[in-house]
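Data first, discussion second: the structure below is written as structure tokens.
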Amino acid sequence: MAMSDPIAEMLTKIRNAQMAKHEEITVRYSKIKEEILKILKNDGFILDYKVLKVANKSDLKIKLKYYNKKPVISGIVRVSKPGRRIYVKAEELQPVMNNRGVAIISTSKGLMPGRKAKKLGIGGEYLLKVW
């Protein structure tokens, strides 16, 4: 069965794996997923990720991060969905959980955290938020 929202599938796998205390998970590769993981790694929400190439397909292996045996990611929400896209202007971007979280925005300059998009003065599609 074809997945209509692969980003939401990845977020759900991360959420479920952390509730089950898994060390790592594997999801199908796409450029946008890799960019999301790069932002999550830079902001300290995951330990690492790797691109695995096997024959004609690629996967992403994600190492999840825990602190005192509790998941670092306490919440992960998909904001803009395929059925309802949410766009924001730079001045409309608000901090996520008093700057303890990160908003991921798809802009004309590529994917970036909300605080960087606000600093550059560009808006875009509000993909997800993590805290």
Hey, could you check the range 95-112 for residues that are at positive phi and not polar (S, T, N, Q) and say which is surrounded by the fewest Cβ atoms within 10 Å (Cβ to Cβ)? GLY110
Hey, VAL27 hits all of (1) assigned to a loop (DSSP other than H, G, I, E, B); (2) in contact with a helix residue (DSSP H, G or I) (Cβ under 9 Å, 6 or more places away or on another chain) but one; which does it fall short on? (1)
How many of the residues making up the range 69-85 are surrounded by 11 or more Cβ atoms within 10 Å (Cβ to Cβ) and either free of Cβ contacts under 8 Å to residues at least 40 places away in the same chain or of a type in the set (S, T, N, Q) (or both)? 3
Extreme residue, nearest to TYR126 (Cα to Cα), among residues of the range 44-77 that are in a loop (DSSP other than H, G, I, E, B) and of a type in the set (Lys, Arg): LYS65
Any residue in the range 116-128 that's at positive phi: show its pairings with residues that are of a type outside the set (S, T, N, Q) and surrounded by fewer than 22 Cβ atoms within 10 Å (Cβ to Cβ) at Cβ separation under 6 Å, as long as the two are six or more apart or on different chains. GLY121/ALA90
Could you tell me whether any residue of the range 40-47 is closer than 18 Å to LYS116 by Cα and either loosely packed, with under 14 Cβ neighbours inside 10 Å or among the hydroxyl-bearing types (Ser, Thr, Tyr) (or both)? yes
Take the conditions of a type in the set (Lys, Arg) and either under 11 Å from the mean Cα position of the chain (by Cα) or under 25 Å from ALA117 (Cβ atoms) (or both) and apply them to LYS33. Does it pass? yes
Just a yes or no: is a residue in the range 78-101 among the aliphatic types (A, V, I, L, M), in contact with a helix residue (DSSP H, G or I) (Cβ under 6 Å, 6 or more places away or on another chain) and assigned to a strand (DSSP E or B)? no
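Quick note: the coordinates plus some simple rules give every number you see, no bench work behind them. No experiment lies behind these values; they were computed from the predicted model shown. Neighbour counts run over all protein chains shown; Cβ positions are idealised from the backbone, glycine included.
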